[in-house]
Structure formats: structure tokens, C-alpha cells
Amino acid sequence: MEQIRISGDKEIPFNNQVDYCIGTGRMGLALQKQYLEQLELVQKYIGFSHIRGHGLYHDDMAIYHEYFKEPSVFGSSFSQIGTPKMRSSKDGGFEPIPDDELGETFVEYNWTYLDMVMDSYLKLGIKPFLELGFMPQELSSDKQTVFYWMGHTVPPKDYDRWCDLVCATLNHLSERYGHKEVVTWPIEVWNEPNLRGFWKDASKEEYFKLFERTFRAIKALDPNYRVGGPAVCGGSDEEWISAFMEFCHDKKLDIDFVTRHHYTTEFPKDEGHYGYAELSPQEDGFANLATTRAIIDKYEEYKGLPVHITEYNTSYIPNCPLHDTNKNAAYIARQLSRLGDYAQSYSYWTFGDIFEERGVPFSLFHGGFGLVANGNIPKPTFWTFVFFKKLKNPGADLTEGKCVYKDDNCLVMKYGAEYRGILWHDNIGRSGTTVKRSFLFDTESPCYTLITEHCGESTCNPLKTWHDLGEPANPSPDQLDLIRKTSSPTVKTELLSADSSQTTELSFELEDNDVVFFQLKPVTVKSDRGYDYSRVMK
């Protein structure tokens, strides 16, 4: 077994943006109690800066309303557009009034639910990464929808009204929360327009029109707003990003960032309510991300432009059992160690399992995207994020850290005299072997405390507990309590002494899908008068 020497002299590139952004189901779900409870748990342990999701303009947010002024025998009245307007027919019944006979159209905005959602986010210390979409029904040019909740995924019937809606939204948010604050919120135009389900006919021409009109409207409002796109997913990402950059170049659009998505499994195989997906090789995904950087940097005016991965996970479906496993946690650990090499931020999809793209889930563990399962149960991947956050924000009493060692299965940071690190054992398939890692740390103090937190299939596996209880779709309160008790890492401590050469040796054994966090921190034992721990333990 190779022993790796760790000193504080080296500094390895490591861009840790684990906490910049997190994904969410559609915005209207933020009106639910369990949604906010899950977000509160995530914020307590990880503390994301931004949150991004669909449905800002979906009808359950009730923002956009059209009215027309219709003449009647009782005088003029205002009626809401959305249901057919009727009049008496010649046969004594009723018939709809044709659109071309309706009066002048008026638009009103209702900010009631938007304010509730934003207030809840900001109270939890998280601000929006605004995704502009989907289309309000009354502004839609077609009936095409996506998901169980029927989000309209079509261009607007009137681009002026769309731009007015976007600007009115930003003006309202600025009035309520302060312009200096809101102007810092990133703005992304639409979601995955390269897929027909998310954008009618996956038309580049129509999306580019939407982007340009929206971009120019926002920049006319205030050029300091940060606007980007095209938020494409894999498959045709290279084609779309190339075309998008060429379009922006030709139109001289001074975009602020480029967005894309990143999922890393093969096509799923459906069985009942579930889709089973195999992981893709990690290097394939990283190579694909590198192409985005290369495409952008071909243009002198866009060279070095920030890239935001506004969605990533292993599987791209919300019913993939992989998401609930320790295997997912170990795979994501390597992702978090390297995603910062390719993007300024990366937003895991999603923070919790209150999520309804394919309907309300039938069971507690259903392969949802979330870091947190319903019942406020942290999944193993939750702890991967917690561990990486501890590398980024070690606490106010420590100096700023630097990465002193990094490989495909390990990261070590140094903060003054303290070391922190993460180790993981990820495989696409099970290896059936135990990996042993040995390190020799250059240490500055005579005595150290070693703290380890172990997230593995034998130590932190709520999915197994649920399975052992008979896989109850809707566990009782007692069952939920038991499952929660098995959803936390095992914590161990040890008091170590540095040897005469001021080095400290650490060894770790990792089984399949283990993720281990450790701290090696200097300590001074200050025993109370007369207290002898060794005597107590005899």
C-alpha cells in the first residue's frame, strides 16, 4: 500500500463552489410546508446561496392575467380571458364569442404568491437564480405542455407582452427587496430549449428570438442585470451552444454567462413506477463539459465568460432508485471534486423530494432527485455535500484553506495547522474490494484530534432501513423516526501524538461507495485537577 506524504507546501487547483446554487421543483411548490422544511434542513447543514427551478410564470403562481372589455346589454364590463366567453345564439342557446369580436385586451399582474415564495427563500438565506419560464397559459401561442403539472412550453403569442411581463417582474422584485439586491440575481432565459418537450419543435430560430428580445428588454431596464442561456441539456449541447454563441456574436449581444446541464447516466430502463439507469464513465462527462469551454473561448469577446451548470445529477429522471443510494453519494463526490474545473457554478437537481414532474410519488423512497427524502430524511448524497461544504467554510477560527493534495478519490485541504479531507470509493459497478489509503502528514503540534465521519452502506443507509422494514410506501411516525436515526454518518474520534519527526500517520479502509470526511486538528489536553482519563478507563 502506497503511503502519500502530505505537507503544507504544495497548493493544488481546486475550485469548490459546492454551495453556490441548488435546484428545486417548480416554484409553486414552495407554498407547501414540507417543501420549506426540507429546504430549511438543507440550509442548516449546507447553506446554498442561490436556488433555481422551473415555473416562475406557471399558472399556479397566478402572476399573468389578460382581460378584455366586452360590450353587453348592461354596458361595458371586464372579463378574464382563459375560459370561453359566451353569448346568446340564434337557436336560443349559447355560443362562444370569437376572439376577433372581443374588445380591447388589458393585462394585469398578481404578485401575491411570488412574494410569499421569495419571502420564504430570503428568510432561509437563499436568493433566486431566476429561470424565466414557462409560458403563462393566456400568453401561450400553442397548447403544448410538459409534466404532470402541465407547464406551457411554447413561444409567447405576443413578444411585447412577454417582455413587459419580465420587466414588470424585475421592477416589482426591486421595489420589494431593493434594486441593489435584485440586480445581483442571475437571470436565465428558459430551460432546455433543445428538447421538443421543453420548447415547441426545439426551434433554435424561435429560441434565439426569445433570448434576444428578453435580453435586450432586461438590459434596457438596467444593463447591470446579469443575463444568460441557453440552458441546454446533453445530446445536442455542442450543436446548440455553438449556434447560440454564433448568434450572440452576430447580434453583438454582450451576454453575462452561458448555461448548460450535466447528467451522467445511460438511458433508463422502465419498470413499473421506476426507471433504472446505469452510470456513465466520469471522464466522458468531464470531456463533454470541456467542449463548452472550448466553444465559448473561440470568440475573443466571450473568452473566459462564466459557465453555470444550472442542473446536474446522475440520472435525469425523478424516479431513478440510484438517487437514493450510497453509490450516488460516492459518484457525486468525484463530480464535486472536479466540476469547478469547468464551470463557475453547478446546481444539483434538486434539494428535496417534494417534486411532481411525473406526478406525486407513490412511495417514500422512489428515486427522487432530492438530497432530502420526504419525511425530512437526509440521503447519503446529502452528506457528500455537507463534507464538501466543510472544506469550503471550515469556520471563523481557521485561516483560509488551500488544497494540498488531490486525486480521483481524495481531497486534502490545509488550514494553518489543521488538515481536512474527503475520501471516496466510487465504481460504476461493485468492485467487492476494500481500498486502503495511507497518508503521512507533516504536523506542527505535538498532539492532534482525529475526527472521522463515515457515510457508507453499513453506517449511513436509510434506504436499507426502509427496505428492512418491508418498504412501507407511507411509513408510520415510528418507522420514520427509525429511518432518520440511520441516515447520519458514523462519527469517531481519536487522540494522536505526532512522532519525533513531527509527522502523523493516518490510514483509511473504504468499502464500495464509502465517503469519509476527516479532520486532523491540533489540540492541547487541559485536564482538571485530579482528573486522569487513563485511570477512568482501566
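The values are calculated or read from the model by the stated rules, or taken from the named source; none is laboratory data. Keep in mind the model is a prediction, meaning the values are calculated, not measured. Cβ coordinates were reconstructed from backbone atoms using ideal geometry, including for glycine residues, and neighbour counts include every protein chain displayed. To get the accessible areas, we keep the full protein, side chains included, count just its heavy atoms, and leave off ligands, DNA and RNA. Shrake-Rupley method; radii C 1.70, N 1.55, O 1.52, S 1.80 Å.
Numerical summary
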read-out	value
Where Gly304 falls short, out of the listed (1) open to solvent by 10 Å² or more (accessible area, probe 1.4 Å); (2) part of a strand (DSSP E or B); (3) not acidic (Asp, Glu)	(2)
Filter result for the condition that a residue is open to solvent by less than 10 Å² (accessible area, probe 1.4 Å) and among the charged types (D, E, K, R), over Asp341, Asp324	Asp324
Enumeration of residues in segment 218-256 that are among the small types (Gly, Ala, Ser) and within 19 Å of Thr184 (Cβ to Cβ)	Ala220, Gly228, Gly229
Only one of Asp201, Asp119 that is assigned to a helix (DSSP H, G or I), open to solvent by 20 Å² or more (accessible area, probe 1.4 Å), at positive phi and not aliphatic (A, V, I, L, M)	Asp201
Residue match in segment 349-357 (condition: in contact with a helix residue (DSSP H, G or I) (Cβ under 8 Å, 6 or more places away or on another chain), over 26 Å from Ile187 (Cα atoms) and open to solvent by less than 10 Å² (accessible area, probe 1.4 Å))	no
Residues of segment 231-262 satisfying the condition of being closer than 21 Å to Tyr312 by Cα and open to solvent by 70 Å² or more (accessible area, probe 1.4 Å)	Gly235, Glu238, Glu239
Single residue of Ser431, Ser487, Ser445 found to be over 30 Å from Gln282 (Cβ atoms) and either in contact with a strand residue (DSSP E or B) (Cβ under 6 Å, 6 or more places away or on another chain) or surrounded by 13 or more Cβ atoms within 10 Å (Cβ to Cβ) (or both)	Ser445
Looking only at segment 275-294, and only at residues there that are open to solvent by 50 Å² or more (accessible area, probe 1.4 Å), outside any loop (DSSP other than H, G, I, E, B) and of a type outside the set (Lys, Arg), the one that is farthest from Phe244 (Cα to Cα)	Tyr276
Test result for Thr265, open to solvent by less than 10 Å² (accessible area, probe 1.4 Å), polar (S, T, N, Q) and farther than 25 Å from Glu453 by Cβ	no
Test for Tyr45: is it modelled with pLDDT of 95 or more, open to solvent by 30 Å² or more (accessible area, probe 1.4 Å) and under 26 Å from Gln344 (Cα atoms)	yes
Condition broken by Asn191, with the remaining ones in (1) touching a Ser or Thr at 6+ places or on another chain (Cβ under 9 Å); (2) polar (S, T, N, Q); (3) free of Cβ contacts under 8 Å to residues at least 40 places away in the same chain satisfied	(3)
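Per-residue answers, yes or no, for (1) open to solvent by less than 70 Å² (accessible area, probe 1.4 Å); (2) over 13 Å from Cys447 (Cβ atoms):
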site: Glu494; (1), (2): no, no
site: Ala498; (1), (2): yes, no
site: Glu509; (1), (2): no, yes
site: Asn513; (1), (2): yes, yes
site: Phe518; (1), (2): yes, yes
site: Val523; (1), (2): yes, no
site: Asp528; (1), (2): no, yes
site: Tyr531; (1), (2): no, yes
site: Met537; (1), (2): no, yes
